[in-house]
Amino acid sequence: MSRMRIALLAAMALVAGATGTAFAVDPGSAGIAAVPCTVDYKIQNQWSTGFTAAVTVTNNSAAKSSWSLKWSYAGDQKVTSGWNAKISQSGAAVTAANETYNAQLATGGSVSFGFQGSHSGSNAIPATFTLDGVTCNVDGGGGPTDPPDPGGPSGRVNNPYEGAKVYVNPEWSANAAAEPGGSRVADQPTGVWLDRIAAINGAGGKMGLRAHLDEALRQKGSGELVVQFVIYNLPGRDCSALASNGELKADEIGRYKTEYIDPIKAILADPKYASLRIVTTVEIDSLPNLVTNTGSRPTAVPQCDVMKANGNYVKGVGYALNKLGDVPNVYNYVDAGHHGWIGWDDNFGPTATIMKEAATAEGATVGDVHGFITNTANYSALKENNFTINDTVAGKSVRESKWVDWNRYLDELSYAQAFRSQLVSAGFDSNIGMLIDTSRNGWGGAARPTGPGATTSVDTYVDGGRYDRRLNAGNWCNQSGAGLGERPKAAPAAGIDAYVWMKPPGESDGSSKAIPNDEGKGFDRMCDPTYTGNPRNNNNMSGALPDAPVSGHWFSAQFRQLMQNAYPPLS
């Protein structure tokens, strides 16, 4: 996805070489008139016969109650579908008009839309745009006949994992290799968690962001390499899970921007790292909390209401997407929870809606989102094979079982594919890809069922056949009986960019008891094996392993269990 910016200037255009960067003239400067409108036209993905594009229009003239943007193609491009605008085409001429919900365009206001198109020759960027008949002058953005190179260092590919190795974190690898039998998986790629400001430069003797990127260049060699980072430090982080609370208070959005995101963006944008494919997993467990754990719901948590009211989850995610999305070789994937959290009807659609809200906040556009990730640091089985959501036993639907509890999804693969469609319907690019974290959802070993359960009742049928052996799908902390899942793999199923180990196996989810620390991480009773639960896990026991350290710290007993119960089994 090449980010070719077309900045529109009133009296002159200053072109900064072939990089596509444009320097805008200050409309307040002496002798230079204000620009009536600006257009940011980005080719997002391009392949041999088609492409997708994102367009942002900013109105610097009088406020509008409706708008119409027009341009013409120099080649044979044809718009085949669009979103967030009514798009029509006659010959080479294209018109994009407002929908009813985005007709208002204030002075200084912006509106974004996108589309998919076809082409057979060069995909030249339009040279001229008009907004309601007024020309928005352009600087060319690197040349209107300079199409993006979808495989080149300045352009994004459709799936960054295809044809690429993935970075092996030497610190995690060393911990894994030090365990008995750990060498069997020590060469697997895992995510690097930037879970506090100090992690950017390295804290507690650990490698910092630059050190990981330098090592990634070494591992890359002459081929392609993906390096995965988890962006995880929102103000008021993890409002419903004390074990992973962070260092920033609920109102510290300014610090999040200037002390966390901005320094990360500056490092990732260093031309030294331009040949890497950098995947960012943006702020796990944040946006879904605003849907499921607020208001009058029995699962509501006061701190989540605070974060919904102040908007800092939405603002923070939007800011991160905007800034990191400006780096041409960064691929942003937003966290989308998991099926045992978002799979119910009253969570599914609203979660996609709030993700669209965040993806268009703080200057971000849907074009800044390459995809989404599910099951991050969770345990939901990839595919339940012993029963289906449509099965009926003893006159009752599988959905009525205590385990499924009226959810529409049984596992992560079905959920991820369905939620992808929901996200496209909400306005995201039709080419978005999904990642599924399979680091701890194998559920193998002696307890893995080999077939359906007894048909005595719907509960015996489901409980006897399900791979996921948790007491409840809401249990998330250091789960007893879990195993390593599918090894990281590119393009394993329709709509899925990759199976990944974004959560490094063997790193704790949280401490079993309160442990003082300087990382801002609290103690959550869901990590206590004696805890009898809460409404979010239907008041079941927590199912957590004992003697766990603070989240993110190495947990040897857990890692050994994960290897023992791996599915597919380790050889």
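The values are calculated or read from the model by the stated rules, or taken from the named source; none is laboratory data. Please read all numbers here as calculations on a predicted model, not as lab measurements. Cβ: placed from backbone, ideal geometry, glycine included. Neighbour counts: every protein chain shown. All accessible areas refer to the heavy atoms of the entire protein, side chains included, with ligands and DNA or RNA removed. Shrake-Rupley method; radii C 1.70, N 1.55, O 1.52, S 1.80 Å.
The table that follows gives values for the structure above.
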quantity	calculated
Any chance Asn310 is open to solvent by 10 Å² or more (accessible area, probe 1.4 Å) and of a type in the set (S, T, N, Q)	yes
Odd one out for Ser380 among (1) under 20 Å from Val424 (Cβ atoms); (2) polar (S, T, N, Q); (3) open to solvent by less than 20 Å² (accessible area, probe 1.4 Å); (4) over 12 Å from the mean Cα position of the chain (by Cα)	(1)
Hits in segment 439-459 - residues which are in contact (Cβ under 8 Å) with a residue 60 or more places away in the chain and either open to solvent by less than 10 Å² (accessible area, probe 1.4 Å) or touching a Ser or Thr at 6+ places or on another chain (Cβ under 9 Å) (or both)	Ser439, Arg440, Asn441, Gly442, Trp443, Gly444, Gly453, Ser457, Val458
Residue check for Asp270: surrounded by 23 or more Cβ atoms within 10 Å (Cβ to Cβ) and either under 25 Å from Asn293 (Cβ atoms) or charged (D, E, K, R) (or both)	no
Segment 528-560 - residue that is surrounded by fewer than 18 Cβ atoms within 10 Å (Cβ to Cβ) and among the small types (Gly, Ala, Ser) and, of those, farthest from Asn175 (Cα to Cα)	Ala557
Test: residue in segment 425-432 that is out of contact with any strand residue (DSSP E or B) (no Cβ under 7 Å at 6 or more places or on another chain) and either free of Cβ contacts under 8 Å to residues at least 40 places away in the same chain or not hydrophobic (A, V, I, L, M, F, W, C) (or both)	yes
Among the candidates Ser244, Ser222, Ser240, Ser275, residue that is over 16 Å from the mean Cα position of the chain (by Cα), modelled with pLDDT under 95 and within 28 Å of Ile432 (Cα to Cα)	Ser222
Leading residue by the ranking (modelled with the lowest pLDDT) among those in segment 545-561 that are over 20 Å from Ala177 (Cα atoms) and within 27 Å of the chain's Cα centre (by Cα)	Ser551
Segment 212-255, subset touching a Gly at 6+ places or on another chain (Cβ under 8 Å) and of a type in the set (Val, Ile, Thr), residue most open to solvent (accessible area, probe 1.4 Å)	Ile253
Count of segment 248-292 residues which are among the aliphatic types (A, V, I, L, M) and over 19 Å from Val330 (Cα atoms)	6
Sole exception among (1) out of contact with any strand residue (DSSP E or B) (no Cβ under 9 Å at 6 or more places or on another chain); (2) buried (at least 18 other Cβ atoms within 10 Å of the Cβ) for Arg297, by number	(2)
Residues located in segment 196-211, provided they are of a type in the set (Val, Ile, Thr) and either open to solvent by 30 Å² or more (accessible area, probe 1.4 Å) or assigned to a strand (DSSP E or B) (or both)	Ile197
Unmet requirement for Ser512, which otherwise passes all of (1) in contact (Cβ under 8 Å) with a residue 40 or more places away in the chain; (2) in contact with a strand residue (DSSP E or B) (Cβ under 7 Å, 6 or more places away or on another chain); (3) over 26 Å from Pro170 (Cβ atoms)	(1)
Wholly within segment 32-135, strands (runs of 3 or more DSSP E) carrying at least 1 residues that are in contact (Cβ under 8 Å) with a residue 12 or more places away in the chain and farther than 26 Å from Gly155 by Cα	37-46, 50-59, 68-72, 86-90, 93-97, 129-131
All positions within segment 386-438 that are open to solvent by 10 Å² or more (accessible area, probe 1.4 Å) and among the acidic types (Asp, Glu)	Asp391, Glu400, Asp405
Strands (runs of 3 or more DSSP E) wholly inside segment 218-337 containing at least 2 residues that are in contact with a Cys (Cβ under 9 Å, 6 or more places away or on another chain) and small (Gly, Ala, Ser)	none
Segment 277-294, residues that are in contact with a Pro (Cβ under 7 Å, 6 or more places away or on another chain) and open to solvent by 10 Å² or more (accessible area, probe 1.4 Å)	Arg277, Val291
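Quick grid of which residues meet (1) open to solvent by 10 Å² or more (accessible area, probe 1.4 Å); (2) at pLDDT 75 or above:
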| position | (1), (2) |
| --- | --- |
| Ala22 | yes, no |
| Pro27 | yes, no |
| Cys37 | no, yes |
| Ile43 | no, yes |
| Trp47 | yes, yes |
| Thr52 | no, yes |
| Asn60 | yes, yes |
| Ser65 | yes, yes |
| Lys70 | yes, yes |
